[in-house]
Amino acid sequence: MNVLGTGHFNPQAVLSRGSQMNPVNTGAAEESEKKQRTLEEEKKAIQNSLLLMKTTSGDSVGSEESIEFLERKLEEIENRIKTGEKETSKVPANNFDVYCGTEY
């Protein structure tokens, strides 16, 4: 019995129902996490390439341009990661958040 009286409810029933993940939100969260992992991997690869280029390159013009390009790319990926983290925090964790109106 979820409703005990007018304006009252059984909190245990709501909590047990809230512990079940919403499949729609779970899919969106998983997709977002997958994108974040991909961006993190790309960021690490670019950081490694930058480190290698900086330590092995001389003063050649081509390598300086490549380093600048990779630094811009790294900054772009870091911005995408930050915006992705903001979007991920807006996805409700479960039905309880939606049911109680506490979406974040």
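The values are calculated or read from the model by the stated rules, or taken from the named source; none is laboratory data. Source: prediction; values computed, not measured. Please note: Cβ atoms are built from the backbone with ideal geometry, for glycine as well, and neighbour counts cover all protein chains shown. Keep in mind that these areas ignore ligands, DNA and RNA; they rest on the heavy atoms of the full protein, side chains included. Shrake-Rupley method; radii C 1.70, N 1.55, O 1.52, S 1.80 Å.
Sorting 38, 56 on solvent-accessible area from highest to lowest, probe radius 1.4 Å, gives 56, 38. By a straight-distance test (C-alpha under 26 Å), which lysines pair with residue 86 as possible cross-link partners, with residues fewer than eight away in the same chain excluded? Leaving aside lysines fewer than 8 places away in the same chain, those within reach of residue 86 are 34, 35, 43, 44, 73.
Placing pseudo-labels 7 Å out from each Cα toward the beta carbon at residue 39 and residue 73 gives an inter-label distance of 1.7 nm. A simple rule links phi to the HN-Hα coupling: the Karplus curve 6.51 cos²θ - 1.76 cosθ + 1.60 with θ = phi - 60°, which for segment 71-76 gives 5, 5, 4, 4, 4, 4 Hz, with x for Gly and Pro.
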